[in-house]
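Shown next, in structure tokens, is the structure this report addresses.
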Amino acid sequence: MIPAPYLLYLGHSTDFVGIKTSRGLATFRPEDCVGEFRHDDCPLTLDLPRLTIAEGAERGAKTLVLGIANSGGVMSGDLVNDAAAALEAGMNVAAGLHQRLRDVPRLADLAKERGLQLFDVRDPPADLVVGNGYRRAGHRLLTVGTDCSVGKMYATLALTTALRARGVKADFRATGQTGILIAGGGIPIDAVVADFISGGIEMLAPARDDDGWDLIEGQGSLFHPSFAGVSTGLLHGAQAEAIVMCHDPLRESMRGLKNRKLPGLRECLDANLQVARLTSPDVRAVGVCLNTSAMDRNEALALCRRTEDQLGLPTTDPIAFGAEAIIDELLCLAPSARSTIASH
């Protein structure tokens, strides 16, 4: 476990989506976050106290979390300087980037000298095996998406919470750096060698016989040329009984690919079901989660209703409006009065 409390790093970031790891910790583990560190040219905030490295250490922060994501997952010179300052102030440093903290000699030497730790969250287990796709016991749900960073982790966590509120055993299975930091464990599936992706998910969500659910955090999109391989491996390894599709209705193009449009919702849903059927022939879609955080509330509700009508599936923003309608569909229950989007 990474020692808490945390000072969350925003650095020089100007991309709201790019700070999703720091934002996720601020949302789901606020009690463990003492503040945020950002430079003057960073226009973003998590609405936490803005602290310097020294102030963060004085307030008891034990770990600086480099909670940002960028293309390729590499560390800039400024980021290395800030991480070094944290070590010099007596804090551990955690990161989920593809470039490892331990591979930066300056940071490795400082950590050893100060008796501190470097946590590289994107380290997959060493004992992964190739997936086999054999049917295994248990209930599993996988979130999928029209693109990267459209809210799959948020939706999976919200669905886990909603199931537990119904008295159903439910476990969140993290597959990305943010989810792993929130949950305290998981497998960073985009850092796994391709042959072992499906096997990694079989290990992450093994057979269970307690009638509970594993809710598996999705990654990437079948329609994103950069990351479709990870999404495919997840679909095969999850052997999901149910999938929930996630979408950002304001996204104009694929993340990182300005001229590539997102797929239609029906097209994306059908493609994910088709790929999932290789290992789960009876898989079914149980809902759609829209990220409407940047939309007017009434417009968001209207969009949820239209999408329900178009796809014949319960549709919601699980953070803004709850996930009850999807849980009813998942558990094959009649819609409860509190679950209808119309009630909002």
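Specify which of the listed residues (I187, I182, I197) is among the hydrophobic types (A, V, I, L, M, F, W, C), within 21 Å of L25 (Cα to Cα) and not in a loop (DSSP other than H, G, I, E, B).
Sole residue among the options that is among the hydrophobic types (A, V, I, L, M, F, W, C), within 21 Å of L25 (Cα to Cα) and not in a loop (DSSP other than H, G, I, E, B): I182.
Report every pair of residues separated by at least 6 positions or lying on different chains whose Cβ atoms are under 7 Å apart, first residue within the range 143-162 and free of Cβ contacts under 8 Å to residues at least 12 places away in the same chain, second buried (at least 24 other Cβ atoms within 10 Å of the Cβ) and among the aromatic types (F, W, Y).
That search, which allows pairs on different chains as well, returns nothing.
Name the residue, out of G167, G218, that is on the phi > 0 side of the Ramachandran plot, at pLDDT 95 or above and part of a loop (DSSP other than H, G, I, E, B).
G167
Condition check ((1) of a type outside the set (S, T, N, Q); (2) buried (at least 18 other Cβ atoms within 10 Å of the Cβ); (3) closer than 22 Å to D109 by Cα; (4) touching a residue at least 60 places away in the same chain (Cβ under 8 Å)) across all residues:
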| residue | (1), (2), (3), (4) |
| --- | --- |
| L51 | yes, yes, no, no |
| E55 | yes, no, no, no |
| K62 | yes, yes, yes, no |
| I68 | yes, yes, no, no |
| L79 | yes, yes, yes, yes |
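Can you tell me how many residues within the range 221-248 are aliphatic (A, V, I, L, M), touching a residue at least 12 places away in the same chain (Cβ under 8 Å) and not in a strand (DSSP E or B)?
So the count comes out to 6.
Scanning for something hydroxyl-bearing (S, T, Y) and out of contact with any Ser or Thr (no Cβ under 9 Å at 6 or more places or on another chain), does the range 135-143 turn up at least one residue?
For the range 135-143, residues hydroxyl-bearing (S, T, Y) and out of contact with any Ser or Thr (no Cβ under 9 Å at 6 or more places or on another chain): absent.
Of the conditions (1) more than 12 Å from L215 (Cα to Cα); (2) in a helix (DSSP H, G or I); (3) among the aromatic types (F, W, Y), Y134 clears all except one; give me its number.
(2)
Please identify the pairs in which a residue from the range 87-105 that is free of Cβ contacts under 8 Å to residues at least 60 places away in the same chain and among the acidic types (D, E) has its Cβ atom under 6 Å from the Cβ atom of a residue that is open to solvent by 20 Å² or more (accessible area, probe 1.4 Å) and outside any helix (DSSP H, G or I), counting only partners at least 6 apart or on another chain.
Close Cβ pairs satisfying both conditions: none exist.
Just need a number here: residues in the range 286-330 that are in contact (Cβ under 8 Å) with a residue 60 or more places away in the chain and either farther than 24 Å from A240 by Cα or open to solvent by 60 Å² or more (accessible area, probe 1.4 Å) (or both).
Final tally of qualifying residues: 1.
Quick test for you: out of S221, S226, pick the one residue that is open to solvent by 10 Å² or more (accessible area, probe 1.4 Å) and within 20 Å of the chain's Cα centre (by Cα).
When all the criteria are applied, what remains is S226.
Restricted to the range 1-49, and to residues that are of a type in the set (S, T, Y) and within 24 Å of F172 (Cβ to Cβ), which residue is surrounded by the fewest Cβ atoms within 10 Å (Cβ to Cβ)?
If we take residues in the range 1-49 being of a type in the set (S, T, Y) and within 24 Å of F172 (Cβ to Cβ), then T27 is surrounded by the fewest Cβ atoms within 10 Å (Cβ to Cβ).
Taking the range 229-248 as the region of interest, how many residues are open to solvent by less than 30 Å² (accessible area, probe 1.4 Å) and under 30 Å from L301 (Cβ atoms)?
The number of residues fulfilling the criteria is 9.
Do you know which residues across the range 128-171 are in contact with a strand residue (DSSP E or B) (Cβ under 7 Å, 6 or more places away or on another chain), among the hydrophobic types (A, V, I, L, M, F, W, C) and surrounded by fewer than 21 Cβ atoms within 10 Å (Cβ to Cβ)?
Across the range 128-171, the qualifying residues are V168, A170.
Taking only the range 88-115 into account, find how many residues are touching a strand residue (DSSP E or B) at 6+ places or on another chain (Cβ under 9 Å), open to solvent by 40 Å² or more (accessible area, probe 1.4 Å) and closer than 23 Å to E58 by Cβ.
Count: 1.
Residues that are of a type outside the set (G, A, S) and over 30 Å from D248 (Cα atoms): which helices (runs of 4 or more DSSP H) entirely in the range 1-102 hold 3 or more of them? Let's see the steps before the verdict.
Values: elements: 20-28, 53-58, 77-88.
The helices (runs of 4 or more DSSP H) meeting that bar are 53-58, 77-88.
Select, from R251, R260, the only residue that is open to solvent by 40 Å² or more (accessible area, probe 1.4 Å), in contact with a strand residue (DSSP E or B) (Cβ under 6 Å, 6 or more places away or on another chain), closer than 27 Å to E299 by Cα and not in a helix (DSSP H, G or I).
R260
Among what's in the range 263-282 and is in contact with a strand residue (DSSP E or B) (Cβ under 8 Å, 6 or more places away or on another chain) and aliphatic (A, V, I, L, M), pick the residue that is surrounded by the most Cβ atoms within 10 Å (Cβ to Cβ).
If we take residues in the range 263-282 being in contact with a strand residue (DSSP E or B) (Cβ under 8 Å, 6 or more places away or on another chain) and aliphatic (A, V, I, L, M), then A276 is surrounded by the most Cβ atoms within 10 Å (Cβ to Cβ).
Could you tell me which residue of the range 116-127 is farthest from the chain's Cα centre (by Cα), considering only residues that are over 30 Å from C268 (Cβ atoms) and surrounded by 19 or more Cβ atoms within 10 Å (Cβ to Cβ)?
This residue is L116.
The values are calculated or read from the model by the stated rules, or taken from the named source; none is laboratory data. These numbers come from a predicted model, not from an experiment. In this analysis, Cβ positions are derived from the backbone assuming ideal geometry, glycine residues included, and neighbour counts consider all displayed protein chains. Keep in mind that these areas ignore ligands, DNA and RNA; they rest on the heavy atoms of the full protein, side chains included. Shrake-Rupley method; radii C 1.70, N 1.55, O 1.52, S 1.80 Å.
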